[in-house]
């Protein structure tokens, strides 16, 4: 048990991921204000992006994988460990775009609800329907 | 109803910063070939510069009228992207296989480089228009637009 | 051209969708014909694709020139096999039918709404194409999100109560996608790759990875996310509201396709990604999904029995059928797999048909609840189609629903899972009970409310309704070739 706790404490960004994830989930489920629910969802998605970036980290000052003349001349000097894996970053970019699109659609929806029912609180809106 | 900002300082600073930020957006877009940046970041900065224009200079200023015209160009960025991919299809390869772009006299790497730049331009255009349309749809501009039609 | 068919199938609706805003600026009237033509072209190409795949076998399509047969594959790979081609035919057929049906009923009568309506439908169809062909788990995420965003906006087009339903759908759907992404991240962290085939190979090479904490956690999140998307029983809360309040022309499209394609995605990840078929010890994930499927099958039909509104009842019926298909998938033998895939096809068509009838009943006869169904006595087309679809939903030969359920039950008997057989039988009895309610209300009671606004059905509505009813019977009669295709797919994956 204690070695698990020690391993966890050595990786602070993973603890940050868990804390943010749970915060986002809590904010999303317990608030009745629609904008606050959206903030919760945004926090949830951002925490997953934090995890994605964390697993793409290399410890010893790895550089960007760009092919230069030096590499073309002597391809045997390319050591994979010296270059950052670009895939997690690409996945993060795509997930950010998805997040922004979701935020856009959800804000437009909330604006339409507000224009129609005059309130941002879910319970009030449900009452005004009946 | 958004009006132009009252303070002269903000308006003058806006007039200076907005063209600078658009230039920076183009720089980020083209620098994406060699470092961090690329279509997504460039498009976001471009869209934000137009939004800054709307917020600071008011909806009647020329940049804002340009922004409203741009809002109609919804699919243009994606059309560029899909167009480039389709051209690669026509050239005989798989989708987005830039080495099949039929440009005489260029070798493989130059074609791929051109293909990626065109794709990123399409992405930037699309994201700028999307950012604009998201914010315009939330505000009163939308109801004004609808009443004009 | 033949090799590029998967991408062309994706590009046809997608390119039309992105050209529609420019076209809509100048000429509103062109939007609907353009959308219809593109979906019909897509249907023809999908049928052609199916014939080619049946003749030449499976095809792997590597994007941007990255070879699909390198191992490990470095680029994005799309898999074009028999199962995917059959799903493509179903999707394009249902989408074109829904567009035909929606002529007089669409909310697109006000000018500003026409362009977003057709553009969103085409985007939804192209995103579903992407999910069907996807060969790696991240592609499934991206296209799942695109499809879901289009669906949220389509549901909200009806205004009023649909806005709240769309908001609830959005919250739960985004939660599902976030969980799915988290699962993908865990899988990537463990295996270092996103390609389904590559993950499968890594798991067969070292099976102890399957029991490591990261993979178990990843599987839990992945299937939780997919479960929300396919409305598995406890996670189904968004479905009744969204399908009931969506515009009457959109409900068939959503009901027939959204949950079914998410279920298809789940099957792909299970069998092609996690090698659930080839593992000598069964994944506990399969047993868990089977158990949840049994609960869903029972709960869905029980809840449907208690509903008053027609569309809500059909929505709950859909939930019970998702449970049924999951029971079939989780038995891990060929018969049950083939039966459940066949039933998935049928369920898409049945759900679409039922919602076509519900929409026509609301628009032409004002019959929204079960009690109002007696107004439909004046509509012979609707009643005949309803009888055919009801026979298929309950599972009476010779309709397609019978053969699907038959093979699923045979598969459960083969796996000696008598609990599942009991669940399927009880669910069928409950389905019969709520259709009995509907029939009683339609024919049994005296006609209470006079038929004031019964207009004649438009020919396109008649065509859509008639075609779906005909198709469930035809599928039942021609079930053998399809079941053998699905059996071959199951054999290919190791079942």
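The values are calculated or read from the model by the stated rules, or taken from the named source; none is laboratory data. Since this is a predicted model, take the numbers as computed values, not measurements. No Cβ is skipped: glycine too gets one built from the backbone with ideal geometry, and neighbour counts run over all protein chains shown.
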Seminar exercise, completed: When residue C:49 is run through (1) in contact (Cβ under 8 Å) with a residue 60 or more places away in the chain; (2) in contact with a helix residue (DSSP H, G or I) (Cβ under 6 Å, 6 or more places away or on another chain), the failure sits at (1)
For this session: Could you run through segment A:113-130 and say how many residues are modelled with pLDDT under 90 and within 11 Å of chain B (Cβ to nearest Cβ)?
Result: 1
Problem set entry | Filtered residues of segment C:7-45 (kept if within 20 Å of the chain's Cα centre (by Cα) and at the interface with chain B (Cβ under 9 Å from one of its Cβ atoms)) | C:10, C:14
Exercise. Under 7 Å by Cβ, and 6 or more places apart or on different chains, what pairs join a residue from segment C:425-442 that is modelled with pLDDT of 90 or more with one that is not in a helix (DSSP H, G or I)?
Worked result: C:428/C:395
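Taking segment B:18-61 as the region of interest, how many residues are within 14 Å of chain A (Cβ to nearest Cβ) and touching a helix residue (DSSP H, G or I) at 6+ places or on another chain (Cβ under 9 Å)? Full working, then the answer.
Step one: filter segment B:18-61 for residues within 14 Å of chain A (Cβ to nearest Cβ), giving B:28, B:31-45, B:47-48, B:51.
From the residues that got through so far, the ones that are touching a helix residue (DSSP H, G or I) at 6+ places or on another chain (Cβ under 9 Å) too are B:28, B:31-33, B:36-45, B:47-48, B:51.
Summing the residues that are within 14 Å of chain A (Cβ to nearest Cβ) and touching a helix residue (DSSP H, G or I) at 6+ places or on another chain (Cβ under 9 Å) in segment B:18-61 gives 17.
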For this session: For residue C:202, work out the one condition from (1) closer than 19 Å to residue C:74 by Cβ; (2) in contact (Cβ under 8 Å) with a residue 12 or more places away in the chain; (3) more than 10 Å from chain A (Cβ to nearest Cβ); (4) touching a helix residue (DSSP H, G or I) at 6+ places or on another chain (Cβ under 6 Å) it doesn't fulfil.
Result: (2)
Exercise. If you scan segment C:469-487, which residues turn out to be crowded, with 16+ Cβ neighbours inside 10 Å and over 24 Å from residue C:356 (Cα atoms)?
Worked result: C:482, C:483, C:485, C:486, C:487
For this session: Check residue B:88 against each of (1) part of a helix (DSSP H, G or I); (2) surrounded by 17 or more Cβ atoms within 10 Å (Cβ to Cβ); (3) more than 14 Å from chain C (Cβ to nearest Cβ) and name the one condition it does not meet.
Result: (3)
Problem set entry | Unmet requirement for residue C:399, which otherwise passes all of (1) crowded, with 21+ Cβ neighbours inside 10 Å; (2) modelled with pLDDT of 90 or more | (2)
Problem set entry | Failed item in (1) surrounded by 15 or more Cβ atoms within 10 Å (Cβ to Cβ); (2) touching a helix residue (DSSP H, G or I) at 6+ places or on another chain (Cβ under 9 Å), with residue A:22 passing the rest | (1)
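Before we move on, is residue C:62 surrounded by 16 or more Cβ atoms within 10 Å (Cβ to Cβ) and at pLDDT below 90?
Numbers: surrounded by 16 or more Cβ atoms within 10 Å (Cβ to Cβ): yes; at pLDDT below 90: yes.
Considered against the rule, which asks whether it is surrounded by 16 or more Cβ atoms within 10 Å (Cβ to Cβ) and at pLDDT below 90, residue C:62 comes out as yes.
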Seminar exercise, completed: residue C:114: passes all of (1) crowded, with 22+ Cβ neighbours inside 10 Å; (2) more than 11 Å from chain A (Cβ to nearest Cβ) but (1)
Exercise. Of the residues C:119, C:148, C:153, C:158, which single one is more than 10 Å from chain A (Cβ to nearest Cβ), in a helix (DSSP H, G or I) and either farther than 22 Å from residue C:89 by Cβ or within 16 Å of the chain's Cα centre (by Cα) (or both)?
Worked result: C:119
